[in-house]
1. Helix A:287-297 against the longest principal axis of chain A: what's the angle in degrees, Cα atoms only, rounded to the nearest 10?
2. Starting at the first residue of region B:43-51, write each ³J(HN,Hα) from the Karplus equation 6.51 cos²θ - 1.76 cosθ + 1.60 with θ = phi - 60°, in whole Hz, x for Gly and Pro.
3. Just to check I understand the Karplus step: with θ = phi - 60° and J = 6.51 cos²θ - 1.76 cosθ + 1.60, what whole-Hz values come out for region B:167-172, glycine and proline as x?
4. Can you give the angle from 0 to 90° between the axis of helix A:131-143 and the longest principal axis of chain A, with both taken from C-alpha atoms, to the nearest 10?
5. Rounded to two decimals, what is Rg over Rh for region B:259-322 when you use alpha-carbon atoms and the Kirkwood radius?
6. Bin width 10 Å, origin at 0, all Cα-Cα pairs of region A:521-672: what percent of pairs per bin?
7. Looking at the calculated P(r) for region A:88-187, what percent of the C-alpha pair distances fall above 19 Å?
8. Of the peptides B:143-151, A:440-448, B:633-641, how do they stack up when ordered by the mean number of other Cβ atoms within 10 Å, highest first?
There are 2 protein chains.
Amino acid sequence: MPSEEVTNEKAAPKERKTAIAHKLATKQQEISVTEFFEKNKQILGFDSRSKSLLMGIKEAVDNSLDACEEAGILPDVSVRVEKVADEDYRICIEDNGPGIVHKMMPNVFGRLLYGSRFHALRQSRGQQGIGISATVMYGNITTGKPAHVISKIEGEDEVAWGMDIVIDTKTNRPIVTNDKAFNWEGKEHGTSIEYTIKGRYVNGKQSVFEYLKDTAIVNPHAQITFHDPDGTKTVFERATDTMPPKPKEIKPHPEGMEIGDLLKYAGNSQQKTVRAFLRNDFSRITDRIATEILEKSKVKEDKKPEKITRDDAIAILEAIKTVKIMAPPTDCLSPIGDTLIKKGLMHVLDGLRPEYYATPVTRSPKAVNGNPFVVEAGIVYGGDIPSDGQVQILRFANRVPLLYQQGACAITKAISEMDWRRYGLEQRGGKGIPFGPAIILVHVASTKVPFTSEGKEAVANFPELQSEIGLALRLCARNLKSHLNKMERKNKTHAKFEIVQEILPDMARKCAEHLDRPVPNLDRTISRIMNVVWIEPTVKREGKKLRTVTYTVYNYTTLPRTIRLHARLPKESVNLTLFSHQCFLDMNDEGKANWEIADLPPSTSTTVSFELTGDMADTFDADDIYFSGLSTTMVMGAETLPGDWGIKGLEIVQTDESDLVEEDEEETMEAEDLGDE
Amino acid sequence: MPSEEVTNEKAAPKERKTAIAHKLATKQQEISVTEFFEKNKQILGFDSRSKSLLMGIKEAVDNSLDACEEAGILPDVSVRVEKVADEDYRICIEDNGPGIVHKMMPNVFGRLLYGSRFHALRQSRGQQGIGISATVMYGNITTGKPAHVISKIEGEDEVAWGMDIVIDTKTNRPIVTNDKAFNWEGKEHGTSIEYTIKGRYVNGKQSVFEYLKDTAIVNPHAQITFHDPDGTKTVFERATDTMPPKPKEIKPHPEGMEIGDLLKYAGNSQQKTVRAFLRNDFSRITDRIATEILEKSKVKEDKKPEKITRDDAIAILEAIKTVKIMAPPTDCLSPIGDTLIKKGLMHVLDGLRPEYYATPVTRSPKAVNGNPFVVEAGIVYGGDIPSDGQVQILRFANRVPLLYQQGACAITKAISEMDWRRYGLEQRGGKGIPFGPAIILVHVASTKVPFTSEGKEAVANFPELQSEIGLALRLCARNLKSHLNKMERKNKTHAKFEIVQEILPDMARKCAEHLDRPVPNLDRTISRIMNVVWIEPTVKREGKKLRTVTYTVYNYTTLPRTIRLHARLPKESVNLTLFSHQCFLDMNDEGKANWEIADLPPSTSTTVSFELTGDMADTFDADDIYFSGLSTTMVMGAETLPGDWGIKGLEIVQTDESDLVEEDEEETMEAEDLGDE
């Protein structure tokens, strides 16, 4: 520790013994970022041949989709993989994006840490200006061949430019050869990159095909064409012509900002006063909030932002913590949404029919270090999903499927740290990835996804993020548990009632035989004992896409009964038959449909049925049926219409017994689970 | 795709419509490496407060140990953590290393990607020139305070220099203030860094204390002093004054080199011919091998290295694949070794007494991309290690404990992909981290450990590396399984023989009572039935460190028997009592000890006993006892002395039965397991 200060002059000795420190000093040198990544290619995701092949494609496709979306163009991306030698593959990715102006092409493809999206607070796939140039570099290193890049921008006078690019790893600068303009026939605008890379083409879970398929699912506005090394062409057709809402660029949100961030923003601010700086350079800081922050922090409002001191900054940050500030705006984000989550889950099922789709959950946005993020989750369960292994986990970040580094991911960690035994899945010790017939999907969308490394394969464990993932999962799992509870109750009652229906007539028949009397009709007796309206669904499948759902309604009571049924159907899947059914009342915009069965005589039954078609047909759970018009205890096989259902049910006209409402165990669970919200 | 080429001149249009591409182009810009890491601090390991606190200390201690070892100084490192505000901690790390020359100090601590070890092929903790400057930057960002660095190099005329350093994140350059020379009292040489950082001080598995403790264990030549925020001082004492062999700097090994590497080496070579280049710029390429490579690749031997073409390079790499080249030299690596692996395992046990220490395995070195690496593994099992959870995994890389990102690590992956059910651990479906009372330690040492990110928390899944880890683990697990098999056999025989010993005398007594005759002595009868020499160990513990091991040898045969016992003892733990025992013969350098029991009369017993003390006493498994002088089937409780044991056993003097040798199941297992070697 310092004990006595001497002046600089006095301290500089004329002669020095050659100390080891001097020898070490001669070795000290700058490392170029390219050299660094060349030597640490695993950090970019290029650690095995099969992964390397995928990584490059992923980076190029990410860029193509980003560029198209920024320009408002429906993406049309083609990927071609050709085998040119034992381990050498020629890869070409072409898009119909806006193109890249000629002079920018070398830097975009031939220089690491160079890009347009790094400083923008807006959801995009690429952010770091590393991916595509790293791909070019890895191609260079492994095969010695340059990448060939073509781009044409929009405009009648524009021509296409093509060039060969190699990265000089010592200087991190592109070396361009064969730079030529030409007429790209039939192409108005777009970019193509072709490179040769050492790789291994694999099938299965972590393949190019799977990546493109998953990408197509969560990007239904994109058309993706894939030519595999065998020459097979697969087209993942565009499913919608509507572009997803373009994420807006926002200002940083003050939540979770570091002192260094604040000082930096202040230093760069164009504003004249601290008040204006707070008011205009951040999102969600209103005049009122700015006043509050200034009052609490005791920083003068007309101080120039660049004059903010460390102590001012600390005071402002402390004040921000105590002030209530609105959550960050969501229009900078583009969540996948309910339907696509269900479709994503359906796709991995690959023909398997699950028993239950838990309602997907989209959380409201939060912020880490000024970056808003939103978490979505979905679960499918049961049916013929294999039940002997760990559950399958599907991870997405900013609409990009994550295929590698599952173990390193905050998503996996959040799943592993939840006690799934409470939600009906098997899990040893209540920790680790659970076992059972389920698939869990999680999507994290953010203006800045915190990846664990430049390869963008796993999301880092920021506490705020992990807690949000946990909450989304628990909400989803609660739906699942509620379904499992419902099924269990239903199965139990079912078993009990079947006994009544079988044993009583059996006894009657035996007694009649014994006494040599005619067998009595027990319908009314059974009805009196059972005293319920029984609703039972059956689902018939015709072909791959058509499902007929029929609810048989038995009146096992001694009086005629009027009951309404309610269900939320996947609207786009509803066939016309629905509207022709005599009991059908109406269906609203959300697909909530109502039926009424009027005056069903005792000991008789009737049916309500409809057809569902198309992709989403499978996501309707026939057990998700609700009723109104009778008391809870009088109906078996459907749930009481919840008060917040949004449509009006039939009022209860007659109550045979007092309305015994069981304590709702899910409600209790919710309170316990989500107490931290 | 290009269809028609036009000349450059013709293509440059005079006027352009303002295309969206131009708008995008204005946003394209260079990103400084500092800005990149500032925004992606999770990549450096600064993703949570508690982790951030540890990361900085880890980087500083790594540097201190590296510097001391390079200078041949026994490291003396002190770490002080003080709480200065709610989440603000002042951290100071001071060492007795060689120091850093004055003019290099700003760059070493204030510039990312600047260092001395990046280009050296030699095992070291730091390599990337990122860690300590990232720590300085993170301190700056979170608290706004500069780091204070002091260094003094060796030499009578030298003074110490202290300075405050802040990193300018826009330019990645240090900003130095208060640069002053002073007299560092009592300090001949060394470096100290003090910085303030937002953090959270935690206890437990991922704490500073644990990190320092683990570090001290695998670096027994270092003395580490820790002052925690409560003011408690802990000294992890130096356990040895011997420095570990200093890893030598080597030339790249040709195994697994990419074409880009070869072209780069060739371009930078000082050699005049390709032959000389191959011979002198790589390790393990002899004259004969160079000839073979040149012949096979058909590259002219007198070609200048810088003239090597892409095709030449491909041919040379192909040739290298077919030529037998010696494994890389090991003197660039510094494995932990048997003893320290056992000590490392013992430490985490924290007083628990395991049943078995599997012999640690150190694999022979391999290379990835020219970088030699070596894998070591160790397992402890049973005793009072908790058996209800997943096994505990201890990961080390270049003698640095890895505390985070277990899920992302090749070590964890290798463990998860092994079927541990074959080795006696529980594992659902033969995949995932196994369950049971075991702790698994793996150390990867390399001239370049491929970490998954700059935070150096997990090792990437290079196939070559993962397969080596798998082999080391299987060899280790095989030891475990062999122990478990032995225990099972022993327990079974033990049970059977106890029955004979109890039931026969019982029957005899009852018969005698019944017939009113004296109870006969059955010793000889029992001996005739059992016809074995029975060896039974007992272990007594006195206090914490002393263990007395006693083998009772019973002669349950009808003749006097001579038998030798053999065991490999932890030499440093052997107490003098060993040498005073009447049966003791000798002990060699490896700790292999021999005893002889001569002419033990029938139906009598005798004992062999010795004392073990110190840390390593616990690592001796009393069941690891071998015998010679009798046939395999005549002895229970010990194994036949293996032929490769290295010391001569007693010859078998008398065989009572034909030598039925069971098929050795472990041998079969080995062939199957290690077929890929």
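No lab work stands behind these numbers, since they all come straight from the coordinates. Since this is a predicted model, take the numbers as computed values, not measurements. Note that we place each Cβ from the backbone using ideal geometry, even for glycine, and neighbour counts take in every protein chain shown.
1. On a 0 to 90 degree scale, this one is about 60.
2. Calculated HN-Hα couplings, in order: 5, 8, x, 8, 9, 9, 4, 6, 5 Hz.
3. 9, 7, 6, 6, 10, 6
4. For A:131-143 against chain A, the angle is about 70 degrees.
5. Rg/Rh for region B:259-322 comes to 0.90.
6. Spelled out per bin, shortest first, that is 11, 38, 32, 17, 2, 0.
7. Values: 2249 of 4950 pairs.
Tail of P(r) above 19 Å: 45 percent of Cα pairs.
8. With the highest mean Cβ count within 10 Å placed first, the list reads A:440-448, B:143-151, B:633-641.
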